[in-house]
């Protein structure tokens, strides 16, 4: 468990570097990420490298005992490169070129840009790949940020046609897969296929699904291009990428397979403001962050990293990019740091060392203020560093007894055809995760093709495309299985299955979805469970089944059915109903539910249980009487952390 920081030496006078490095080390920081936005300084003119400043920066940081995470600078190609290859720019869904002047101004499908990326990464790896202070490489920065995964450029169109040719082999197979007979959309050759934008009305959903798959594969291959160079020229160093929160436009599991460590950028207040929950939640957790937003992503990226993961950017104060940007309450930066460690992080790195007084991010706090005085977040980082000195060394998180299956493809499908405003796989998964965490259960996240052995309870909030292979893995697990609405509702080509939904799940659970409807707020379905009515929302499947209903809609039709260890939910449960579902499933799976005090979350790591209070009121740590606390105590003020050893 180590602390890091993001640093931009090129943005500060060189006579500050040694003092910065010394202060970082004194604060308790061990790792420093640099370089990811500095291509124009590394290569100010085509083919003319200037390494002197970077040599000095690395040596200065190393002299202070700091370890270097070096970023490849491909997220910000210089102006001269854009001028030389103007077709490297991405094209938005609106058909407009996304120009130079900020960052991420490239298209993943530009072959000319890929050549240039390989060249700069090779030059960097040849120069720094064996530097003794270098411990890791970060590829690029935040793939897809600012909605840049999907590009509709001529380069993307050409590579998409090649991708389709490899997938379908013949245009006749493509026409069948896309149902191209509809609206006279049949193609005579792959060369006739265009990206699915700028259509008069809705584009063919199978076309769009394949374009999502293609765009995701482009990110995977772009990342692999860099990884292959770094592994060859810089052996023995970890290779990482920093993913984002609530971002699903490419399959992070697929990118993660080429990495040693998955990292992500944690901004709890920004994510709450931009993505999370009701206005009530946004006010209640205004300065703490929602209790489950960070945890959801910690566990997701732990899965993407196959157990190894870091926070590359931890929010240290107000950010600059959300609709509103409040400051965290005192102690919250410390709490977020310990929360990450509780979920198995090896490193928590803060963004950034010092707040910039210029350019786009000057409203974004750092550990230090622009006048170089340590800010509150810096003081809290120092407190964590002091606490780590006496805290026991912990191994990585062991396997939980509960798994949640998360599919990026499911999120693409529900965005392409939501059928109800707000129906998105991502948020159904998040709400399911939140219910599990309210019940005091630790959760592992799994890809649909992940290892499902050893779990007692597996939840798949929605898997529209449920392959026979995925189903076999679920079956072989022996776990109690619950699948949510729209599971098995589409074939791999995006069609309704011949035997209707839930498709292949019917081999284990005799129920057929004969009609679906979506309902606006105010007309939400009610679900009756044990004589009590609960709120559901957005969705209702009409099931044709002889199975007894565990819960019904108000008209008596089944809302939840089961056959042994297989369960199907025909609606999107509201929070209270989701809590009831989780409690009953946990009992069947032999798990103990420990309902958390509102706003409190626990997490176990290597024999230590952590508790954090996200509520704005005082809470008590759910610890046994007489326990010896390793951190904090039974009384949990807002933003407080406690930790104790467990059997």
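Each value in this text was obtained by applying a stated rule to the coordinates, not by laboratory testing. Just so you know, these numbers come straight off a predicted model, no measurement behind them. Neighbour counts are summed over all protein chains in view; Cβ atoms, including those assigned to glycine, are modelled from backbone coordinates with ideal geometry.
In 5 Å bins starting at 0, how do the alpha-carbon pair distances of the stretch 600-645 split up by percent?
Histogramming the stretch 600-645 at 5 Å steps yields 6, 28, 34, 22, 9, 2 percent.
For the stretch 513-570, what size does the Cα cloud have along each of its three principal axes, sorted from largest down, in whole Å?
For the stretch 513-570, the Cα extents along the three principal axes come out at 34, 26, 18 Å.
Show me the three semi-axes of the equivalent ellipsoid for the stretch 157-203, from the C-alpha gyration tensor (sqrt of 5 times each eigenvalue), largest first, rounded to whole Å.
Sorted largest first and rounded, they come to 17, 14, 8 Å.
To the nearest 0.05, what FRET efficiency results for residue 22 and residue 283 with a Förster distance of 41 Å applied to their C-beta separation?
So, using R0 = 41 Å, E works out to roughly 0.45.
Quick check on the chain: helices-only [θ] at 222 nm, where DSSP H runs of length 4 and up contribute -39,500 (n - 2.57) each and the sum goes over total residues. Nearest 500, please.
-10000 deg cm²/dmol
For the chain, report the % of Cα-Cα distances exceeding 43 Å.
24 percent
Over all directions, how big on average is the projection of the convex hull of the alpha-carbon atoms in the stretch 357-500, in square nanometres?
13.8 nm²
For the stretch 539-647, evaluate the Debye formula with one uniform point scatterer on each Cα (no solvent term) and list log10 I(q)/I(0) at q = 0.14, 0.18 Å⁻¹, rounded to two decimals.
So the normalised log intensities are -0.71, -0.88.
What order do you get for 510-520, 242-252 when each peptide is scored by the mean count of other beta carbon atoms within 10 Å, highest first?
Order by mean packing, descending: 242-252, 510-520.
Looking at the chain, send over the antiparallel percent of its DSSP beta bridges, to the nearest 5.
Among the beta bridges of the chain, antiparallel pairing accounts for roughly 50 percent.
What FRET efficiency, computed as 1/(1 + (r/R0)^6) with R0 = 51 Å and r the Cβ-Cβ distance, is obtained for residue 542 and residue 112, rounded to the nearest 0.05?
Efficiency, rounded to the nearest 0.05: 0.45.
With N denoting the number of residues in the stretch 436-552, provide Rg(C-alpha) divided by 2.2 N^0.38 Å, to two decimal places.
Working it through for the stretch 436-552, the quotient is 1.14.
From Cα pairs below 8 angstrom and at least 6 apart in sequence, can you work out the relative contact order of the chain, rounded to a whole percent?
10 percent
Over the stretch 1-110, with a single point scatterer placed on each C-alpha, what log10 of the ratio I(q)/I(0) does the Debye formula yield at q = 0.17, 0.20, 0.21 1/Å?
Here log10 of I(q) over I(0) equals -0.83, -0.99, -1.05.
Mind giving me the nanometre distance, one decimal, between the label points for residue 84 and residue 361, set 7 Å out from Cα along Cα→Cβ?
2.6 nm
Tell me, in nm to one decimal, what length is gained between residue 379 and residue 63 on full extension, where the rule is 0.36 nm per residue of separation less the Cα-Cα distance?
Extra length from residue 379 to residue 63 when fully extended: 111.4 nm.
Restricting things to alpha carbons, find the Rg to Rh ratio for the stretch 308-372 using the Kirkwood radius for Rh.
1.00
On the first, second and third principal axes, largest extent first, how far apart are the outermost C-alpha atoms of the stretch 265-326 in Å?
Computed over the stretch 265-326, the largest-to-smallest principal extents equal 35, 21, 15 Å.
Classify the stretch 164-261: rounded, prolate or oblate, from the alpha-carbon gyration tensor (a ≥ b ≥ c, eigenvalue square roots; a/c under 1.5 rounded; otherwise prolate if a/b is larger than b/c)?
prolate
Using the Cα gyration tensor of the stretch 338-420, with a ≥ b ≥ c the square roots of its eigenvalues, what is the shape: rounded (a/c below 1.5), prolate (a/b larger than b/c) or oblate (neither)?
Note, shape of the stretch 338-420 comes out oblate.
Ranked highest first by the average count of other Cβ atoms within 10 Å around their residues, in what order do 108-120, 583-595, 529-541 fall?
So the order, starting with the most tightly packed, is 108-120, 529-541, 583-595.
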